[in-house]
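Data first, discussion second: the structure below is written as structure tokens.
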Amino acid sequence: MSEKIILLVEDNPDDVALTVRAMERNKIANTVVVARDGAEALDWLFGTGQYAERDTSIQPQLVMLDLHLPKVDGIEVLQRIRADERTRHLPVVILTTSSEQRDILASYDRGANSYIQKPVDFQAFNEAVRQLGIYWLILNRCAPR
């Protein structure tokens, strides 16, 4: 059985720590790979740049993607994921502070599976991650094998 990886694309170290802590608290035990900007995420997914030696047949089970990233923004990352046959069907959850209607529409227009606004309060954030965990379980049960 292959390792179940979550690719977390997040540039804020505090949000990375908060997300990982909430995942641990909610018993989401997947390996979390962190990309700190959009370019690093694309390099990891497609085996380029610093990840040129990575086995790209191993893809994440889920991508958690912030929108406001350095180098390549989240919308562009999402577009590149959907444009490539190898990654087209990866579940992508937008996890961002933005509540802007244009960001929500742009995300769904480009193929995001879900859009979650990061709450400011840890308890609310923890609840959002718990619900994401439930979503994750349902997704895994329904996904073709």
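Each row is one residue, and each column tells you yes or no for (1) in a helix (DSSP H, G or I); (2) modelled with pLDDT of 95 or more; (3) surrounded by fewer than 18 Cβ atoms within 10 Å (Cβ to Cβ).
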residue	(1), (2), (3)
Leu69	no, yes, no
Arg82	yes, yes, yes
Thr87	no, yes, no
Pro119	no, no, yes
Gln123	yes, no, yes
Asn126	yes, no, yes
Val129	yes, no, no
Arg145	no, no, yes
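Just to be sure I understand the filter: pairs with C-beta atoms under 6 Å, separated by 6 or more residues or on different chains, first member in the range 63-80 and touching a residue at least 24 places away in the same chain (Cβ under 8 Å) and among the acidic types (Asp, Glu), second member crowded, with 16+ Cβ neighbours inside 10 Å and assigned to a loop (DSSP other than H, G, I, E, B). Which pairs pass?
Asp66/Glu10
Are there any pairs, at least 6 apart or on different chains, whose C-beta atoms fall under 9 Å, with the first in the range 12-40 and basic (Lys, Arg) and the second surrounded by fewer than 15 Cβ atoms within 10 Å (Cβ to Cβ) and modelled with pLDDT of 80 or more, and if so, which?
Note: pairs meeting the criteria are Arg36/Pro13; Arg36/Pro70.
Condition first: part of a loop (DSSP other than H, G, I, E, B), charged (D, E, K, R) and closer than 19 Å to Thr96 by Cβ. Now tell me which residues in the range 1-44 satisfy that.
Of all residues in the range 1-44, those part of a loop (DSSP other than H, G, I, E, B) come to 1-4, 10-12, 26-30, 36-37.
Filter once more, so that each one left must be charged (D, E, K, R): 3-4, 10-11, 27, 36-37.
Once the filter is applied, which keeps residues that are part of a loop (DSSP other than H, G, I, E, B), charged (D, E, K, R) and closer than 19 Å to Thr96 by Cβ, the range 1-44 yields Glu10, Asp11, Arg36, Asp37.
Looking at (1) part of a helix (DSSP H, G or I); (2) buried (at least 18 other Cβ atoms within 10 Å of the Cβ), can you tell me which one Gln50 breaks?
Only one criterion is unmet by Gln50, namely (2).
Could you check, for the range 78-88, whether at least one of its residues is touching a strand residue (DSSP E or B) at 6+ places or on another chain (Cβ under 6 Å), under 19 Å from Asn113 (Cα atoms) and not hydrophobic (A, V, I, L, M, F, W, C)?
No, the conditions are met nowhere in the range 78-88.
Does the range 3-15 include one or more residues that are farther than 19 Å from Ile116 by Cα, among the β-branched types (Val, Ile, Thr), over 12 Å from the mean Cα position of the chain (by Cα) and at pLDDT 85 or above? Walk me through it before giving the result.
As a first pass, look at the range 3-15 and keep what is farther than 19 Å from Ile116 by Cα: 3-5.
In the following step, the residues that additionally are among the β-branched types (Val, Ile, Thr) were identified as 5.
Next, from what is left, pick out any that are over 12 Å from the mean Cα position of the chain (by Cα): none.
Scanning the range 3-15, I find no residue that is farther than 19 Å from Ile116 by Cα, among the β-branched types (Val, Ile, Thr), over 12 Å from the mean Cα position of the chain (by Cα) and at pLDDT 85 or above, so the answer is no.
The values are calculated or read from the model by the stated rules, or taken from the named source; none is laboratory data. Worth saying up front: this structure is predicted, and the values here are computed from it rather than measured. Backbone-built Cβ (ideal geometry, glycine too); neighbour counts: all protein chains shown.
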